[in-house]
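*Asks:* If you scroll down you'll find the structure; I have some questions about it.
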Amino acid sequence: MFELIREHQLNIMLLLCGACGILVFLLAITRFMSKSRKKVLIYMEIVAFFLLFFDRLAYIYAGNTGQSGYIMVRVSNFMVFFLTSAIVFVFNRYLKDLIGAGNDTTTLPMRIKLVGSLSALGMALAIISAYTNMYYYFDDNNVYHRGSGFLIAYIVPIVCPILQYTIIRKYRKMFSKLIYISIVLYIFVPIICGILQIFTYGISIVNMSMVAVSISLYLFAYLDINNTVEHAHEIEIQNMQGEKVRMQRLFDQTATAFVSAVENKDDFVKGNAIRVAEYAEKIAKLSGKDEDYCEKVYYTALLHDVGMIGIPDSVIKNEADPDKWDYEAIRKKPIIGKEILSSITEYPYLSQGAQYSHERYNGTGYPEGLSGADIPEMARITAIADAYVTMTTKKRYRDARPYFVARERFVKGAGVEFDPEYAGIMVGIIDEENKGKNKDIDDVEKELSCGEFREHISGGIRIESNEKSIRFEFIPTPDADNGFSEPAIIIFDSFDRRNHRDEKTIKEYHYFEHGEIWFNDHMISSGARKIELVNITKKDNDGNSGNNSGENKAEYEIIAAKFEDHIRLEMNGPEYVKEIIIALPDRSTTTYIGLTGEHGMLKDITVKPTGKTVHLGDIPRIVDEISYIDHMESDVKNVQIDRTRSAYTEGIEIGNRLKLIFNTMSLPSADLIWHCPYVLLFYSDDGTVEGDNYREYSLTKLNGESTGTDEYAANRFRLKKKEEFPGWDAWKEACKKGMECEITLEKKGNRIILKTENLGINIECTTTINEEYEDKVYVALTGDQVALTDIRIQ
């Protein structure tokens with residue numbers, strides 16, 4: 001290796017000299033460095049340049065016996081020894097700058113001063129050596145030779161860096177990692193090379209190494225500056241982001257406070273704005289919008305209803321159904337909202353959301369009657385979120401509507417009231433939120449005060465196959481001596497689990513009453529097929545419940561259970577114990593018990609499961625079962641589906657092409673547009689739904705809905721309503737009367753194409769099954785509250 005360096009050292013020296021010259025120029029134009037540090041580094045690079053420059057000349061003119069050779073050999077060797085100490089002196093100045101002492105000598109460590117003195121002494125000794133031949137001498141051929149005091153020349157380049165390193169260790173925390181590495185290299189690389197130089201003649205490895213590490217000082221300093229600038233930039237970005245977060249938080253708090261102030265005008269809408277904003281943001285996210293857009297949608301929806309602040313309190317707090325004058329006042333809300341928010345010029349979408357969120361997709365909205373894509377997209381999203389929250393929130397003049405009523409409105413209103421894409425997403429959100437929810441939780445009052453009969457009725461307690469015990473105490477009111485005082489129950493069905501008596505809410509909540517039953521031998525059948533008193537026993541006691549509190553109260557208990565279309569009630573009061581069987585109109589009916597009474601107080605109402613479950617035969621039938629599939633059967637057995645997917649036809653393997661023709665009729669209790677047939681594509685080992693290794697590929701509802709999972713297949717669904725579509729009310733009526741349906745299924749490799757058209761609803765669903773699941777594919781028919789008969793395969 002030394003031979004290689006010896007052979008090319010002149011070229012290496014020239015290259016290093018050029019590098020030093022370039023660095024001097026770069027340092028001169030560097031802006032992100034202190035003047036003192038830049039000045040020291042420039043001096044260091046200049047010293048390093050001349051050190052190698054003269055060292056190179058010494059080799060070039062060695063042995064040259066001419067006059068110029070005589071002069072240049074002596075001058076160049078003198079400069080090499082002089083500049084070796086000079087570069088140590090300049091590096092000492094660099095350390096001063098790094099430590100921060102500057103020119104204030106009172107703060108400098110003594111070792112810094114000592115190194116400065118030693119390096120100055122080294123330069124003086126170089127001058128003395130030029131006249132005394134202490135370090136070197138030249139023979140008659142003008143060739144350089146080491147002198148008797150040659151090793152003295154290495155005291156400064158070896159001892160001084162060691163002293164400098166002790167200073168560096170003391171002030172280590174003041175240096176960045178890169179600067180620390182550079183000065184450690186600067187100190188130890190020449191020391192190592194100096195030791196080698198003692199045993200190596202004819203190679204200037206010390207000088208070359210000192211120049212190389214001098215160059216590295218600039219490079220590391222430059223990298224350190226970059227890191228410092230980058231760190232400062234990161235801090236600036238963090239500060240800007242922090243400021244943005246603070247401004248965003250301030251805006252959010254201001255907007256929320258403003259909305260809260262607006263909502264204080266009406267206790268029934270408190271919190272609605274945030275719910276609307278959250279649903280709107282969720283719709284935007286599920287549609288694939290970016291985070292920034294979703295945030296804009298959130299605030300658009302949050303502030304869309306601020307125009308309510310300009311609506312008269314007489315309109316807002318009207319407890320009756322809104323009349324045309326109320327609606328005229330309400331229609332001014334978007335204009336007022338636009339005027340309020342238009343002053344926020346940085347966010348023009350806020351005023352657009354307030355102005356256009358009451359437009360309708362078919363152009364029937366207000367204030368401008370815009371339609372389709374002419375309505376700003378954020379306003380279309382907000383309109384859907386607002387409609388859902390409005391429907392599912394209690395108003396002064398009505399109760400909150402159940403989620404499935406809102407769901408039906410979105411299915412019916414897609415492409416009419418609402419943007420079809422975002423309405424479909426909202427339906428998916430509703431399904432997801434209510435999937436797996438326990439809808440059978442009985443949220444019933446703990447106390448109920450009753451005056452006249454049915455003046456107050458509790459919320460509905462659902463009757464199901466899991467038997468329940470309902471207990472309470474009944475205390476007659478003081479005026480009960482002048483009239484009848486007794487608790488009673490109402491058997492009914494309703495979307496909202498509440499009792500209704502006026503025609504509008506009966507229709508709106510699909511209220512249906514089966515009968516009224518008292519704890520004596522009295523009962524009234526209204527909508528039930530039959531109510532039969534199976535057994536009644538009069539108690540021998542005086543009716544007192546046995547307590548000694550002085551109150552004339554009695555304890556009551558109802559044991560209730562349901563199997564298919566029959567209910568069994570065991571009613572235990574102070575005078576009678578009786579058993580009643582109720583026959584319902586059909587098996588699909590959801591049934592509730594409402595507690596009520598006359599001239600008394602129901603207290604300590606509790607509902608608890610008994611732990612028993614009724615099965616077939618546990619409740620005696622009192623009427624024959626009504627079957628809606630008692631018709632001719634064809635290739636596949638008829639099936640009656642009383643609840644969502646509660647029954648299926650057998651699985652039918654799909655070949656290249658398959659056609660299914662069948663009759664469908666919604667059950668009498670069917671109320672919603674998806675109470676119709678469904679077509680299920682699946683696989684299982686035995687071809688039955690939920691069989692071993694069951695995989696569900698798609699579910700297509702004939703009302704124009706489709707669900708599927710990406711786990712096993714991809715579904716592309718297309719719905720088109722033709723001109724002959726009669727409207728959803730006529731659709732439901734036709735389904736109840738019954739109609740014939742035809743479905744074609746075509747298999748092309750791993751794709752299944754389903755086509756059907758019913759009453760102008762044209763459906764095409766292409767199901768592409770993932771390649772790893774290319775087994776047999778089966779189709780089965782199911783549905784919700786529907787009877788399927790005369791099922792033919794072609």
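The values are calculated or read from the model by the stated rules, or taken from the named source; none is laboratory data. Note that this is a predicted model, so its numbers are computed, not measured. Using ideal geometry, Cβ is built from the backbone for each residue, glycine included, and neighbour counts are taken over all protein chains shown. Each accessible area value is taken on the protein alone, full model and side chains, heavy atoms only, with ligands, DNA and RNA left out. Shrake-Rupley method; radii C 1.70, N 1.55, O 1.52, S 1.80 Å.
*Asks:* For the chain, build the charge dipole from Cβ charges (+1 Lys, Arg; -1 Asp, Glu) around the Cα centre, then report which of I215, S465, Y648 sits farthest towards its positive end.
*Replies:* The residue sitting farthest along the positive end of the dipole is I215.
*Asks:* Right, next: Among rounded, prolate and oblate, which fits region 373-436 when a ≥ b ≥ c are the square roots of the eigenvalues of its C-alpha gyration tensor, a/c under 1.5 means rounded, and a/b larger than b/c means prolate?
*Replies:* On the way: a/c = 2.07, a/b = 1.35, b/c = 1.53.
Because a/c hits 1.5 or more and a/b fails to exceed b/c, region 373-436 counts as oblate.
*Asks:* Moving on to the next point. If the only charges are +1 at each Lys and Arg Cβ and -1 at each Asp and Glu Cβ, what is the size of the charge dipole of region 612-743 around the Cα centre, to the nearest 20 debye? Before the final figure, lay out each step's value.
*Replies:* Numbers: 17 positive and 24 negative charges, 114 e Å.
It comes to approximately 540 debye.
*Asks:* Further question: For region 710-742, which GluC sites (Glu not before Pro) pass both filters: DSSP loop (anything but H, G, I, E, B) and at most 11 other C-beta atoms within 10 Å? All intermediate terms of the calculation are to be shown ahead of the outcome.
*Replies:* Values: sites: E711, E723, E724, E733, E740, E742; in loops: E711, E723, E724.
Passing both the DSSP loop test and the Cβ count: E711, E723, E724.
*Asks:* Less than 13 Å from a label point 7 Å out along the Cα-to-Cβ axis of S634: which backbone N atoms in region 659-691 qualify, by residue?
*Replies:* Within reach of a label on S634, which here means backbone N under 13 Å from a point 7 Å along Cα→Cβ, region 659-691 contributes 659-664.
*Asks:* So, one more: Roughly how many Å² is the accessible area per residue of the chain, as a whole number, for a 1.4 Å probe?
*Replies:* On the way: 38660 Å² over 794 residues.
Averaged over the residues of the chain, the accessible area is 49 Å².
*Asks:* May I ask for the net charge around C294, where only other residues with Cβ less than 15 Å from the Cβ of C294 are counted and Lys, Arg are +1 while Asp, Glu are -1?
*Replies:* Working: positive: K282, K285, K289, K296, R380; negative: D252, E278, E281, D290, E291, D292, E295, E377.
That sum, taken over residues with Cβ under 15 Å, equals -3.
*Asks:* Turning to a different aspect of this structure: At 1.4 Å probe size, with the rest of the protein present, what percent of the exposed accessible area of the chain is carbon and sulfur atoms? Let's see the in-between values first.
*Replies:* Numbers: 20450 of 38660 Å².
Carbon and sulfur: 53 percent of the exposed surface of the chain.
*Asks:* Which helices, taking whole DSSP H runs in the chain, have alpha carbons extending 20 angstrom or more along the helix axis plus mean Kyte-Doolittle at least -0.5? If you can, show how the numbers build up before the last one.
*Replies:* Values: long enough: 2-29 (39 Å, 1.65); 35-61 (39 Å, 0.79); 67-99 (48 Å, 0.98); 110-132 (32 Å, 1.32); 155-170 (23 Å, 1.26); 177-198 (32 Å, 2.20); 205-263 (84 Å, 0.23); 272-286 (21 Å, 0.01); 377-391 (22 Å, 0.67); 420-434 (21 Å, 0.01).
Helices meeting the span and hydropathy rule in the chain are 2-29, 35-61, 67-99, 110-132, 155-170, 177-198, 205-263, 272-286, 377-391, 420-434.
*Asks:* Next up: For region 27-168, how big is Rg over Rh, using alpha carbon atoms and the Kirkwood form of Rh?
*Replies:* Numbers: Rg = 17.3 Å, Rh = 16.4 Å.
Rg/Rh: 1.05.
*Asks:* To the nearest 0.05, how large is the calculated FRET efficiency for K395 and E291 if R₀ is 51 Å and r is the Cβ-Cβ distance?
*Replies:* Working: r = 34 Å, r/R0 = 0.67.
Efficiency for this residue pair is about 0.90.
*Asks:* Of the options A373, A414, T390, report the single residue whose Cα projects farthest towards the positive end of the charge dipole of region 362-436 (beta-carbon charges: Lys, Arg +1; Asp, Glu -1).
*Replies:* Among A373, A414, T390, the one farthest towards the positive end of the dipole of region 362-436 is T390.
*Asks:* So how much accessible area does S34 have, in Å² to the nearest 10, using a 1.4 Å probe?
*Replies:* The accessible area of S34 comes to roughly 60 Å².
*Asks:* For an R0 of 45 angstrom, estimate the FRET efficiency from the Cβ-Cβ distance between F268 and V416 and round to the nearest 0.05. Don't skip to the end; give the middle numbers.
*Replies:* Numbers: r = 27 Å, r/R0 = 0.61.
Here the calculated transfer efficiency is 0.95.
*Asks:* Could you compute how fast region 682-733 diffuses translationally, taking Rh as the Kirkwood radius over C-alpha pairs and applying Stokes-Einstein at 25 °C with viscosity 0.890 mPa s? Give it in µm² per second. Please list the in-between numbers first.
*Replies:* Details: Rh = 13.4 Å.
It comes out at roughly 183 µm²/s.
*Asks:* For S148 and E243, compute 0.36 nm times the residue count separating them, minus their Cα-Cα distance, and round to one decimal in nm. List each step's numbers first, then the result.
*Replies:* On the way: separation 95, 0.36 × 95 = 34.20 nm, distance 7.09 nm.
The span from S148 to E243 would gain 27.1 nm if fully extended.
*Asks:* Once you place label points 7 Å from the Cα toward the Cβ at E740 and F25, how far apart are they in nm?
*Replies:* Going from the E740 label point to the F25 one covers 9.5 nm.
*Asks:* What fraction, in whole percent, of alpha-carbon pairs in region 208-359 exceed 20 Å separation? Present the calculation step by step, with values, prior to reporting the outcome.
*Replies:* Working: 7177 of 11476 pairs.
Percent of Cα pairs beyond 20 Å in region 208-359: 63.
*Asks:* At R0 = 60 Å, how high is the FRET efficiency between S342 and N227 if r is their beta carbon distance? Nearest 0.05 is fine.
*Replies:* On the way: r = 48 Å, r/R0 = 0.79.
Once rounded, the FRET efficiency stands at 0.80.
*Asks:* Continuing with this model, one more query. With Rg/Rh (Cα atoms, Kirkwood Rh) in mind, check (1) 1.03; (2) 1.31; (3) 0.96 and report the label derived from this structure.
*Replies:* (2)
*Asks:* Assuming 0.36 nm per residue, please report the length gained on full extension of the stretch N434 to I661 beyond their Cα-Cα distance.
*Replies:* Values: separation 227, 0.36 × 227 = 81.72 nm, distance 3.31 nm.
Full extension of this stretch gives 78.4 nm more.
*Asks:* In terms of solvent-accessible area of protein heavy atoms at a 1.4 angstrom probe, what is the ranking of Y61, Y279, Y509, Y43, highest value first?
*Replies:* The ordering from most to least exposed comes out as Y43, Y61, Y279, Y509.
*Asks:* Give the shape of region 442-518 as rounded, prolate or oblate, defined through the alpha-carbon gyration tensor: a ≥ b ≥ c are the square roots of its eigenvalues, a/c under 1.5 means rounded, and otherwise the shape is prolate if a/b is larger than b/c and oblate if not. The partial results should precede the final answer.
*Replies:* Working: a/c = 2.22, a/b = 1.37, b/c = 1.62.
Judged from the Cα gyration tensor, region 442-518 comes out oblate (a/c at least 1.5, b/c at or above a/b).
*Asks:* Starting from the Cα of K612, move 7 Å in the Cα-to-Cβ direction to define the label point; list residues of region 568-599 whose amide nitrogen is under 17 Å from there.
*Replies:* 568-573, 577-582
*Asks:* Which of the lysines could a cross-linker span from K507 if the Cα-Cα distance has to be under 24 Å and same-chain partners fewer than 8 positions apart are dropped?
*Replies:* Output for K507: K324, K394, K395, K412, K439, K530, K732, K736, K737.
*Asks:* Sticking with this one: According to a simple spin-label model (label point 7 Å from Cα along Cα-to-Cβ), what is the distance in nm between S526 and I626?
*Replies:* Placing both labels 7 Å along Cα→Cβ, they lie 1.7 nm apart.
*Asks:* Could you size up the charge dipole of the chain around its Cα centre, putting +1 on the beta carbon of Lys and Arg and -1 on that of Asp and Glu, and report it in debye to the nearest 20?
*Replies:* Values: 91 positive and 113 negative charges, 1194 e Å.
I would put it at about 5740 debye.
*Asks:* Moving on. Using DSSP to define loop residues, name the trypsin sites (Lys or Arg not before Pro) in region 30-76 whose beta-carbon has at most 13 other beta-carbon atoms within 10 Å.
*Replies:* Qualifying residues, ordered by number: R31.
*Asks:* Can you pull the one-decimal nm distance between simple spin-label points at A261 and S449, each 7 Å off the Cα toward Cβ?
*Replies:* Roughly 3.8 nm, to one decimal.
*Asks:* Add -39500 (n - 2.57) for each DSSP H run of 4 or more in the chain, then divide by its residues: what number comes out at 222 nm, to the nearest 500 deg cm²/dmol? Mind showing how you got there, number by number?
*Replies:* Working: 18 runs with 321 residues, N = 794.
One gets -13500 deg cm²/dmol as the mean residue ellipticity at 222 nm.
*Asks:* Compute the signed sum of charges (Lys and Arg +1, Asp and Glu -1) over the other residues within less than 13 Å, Cβ to Cβ, of G783.
*Replies:* 0
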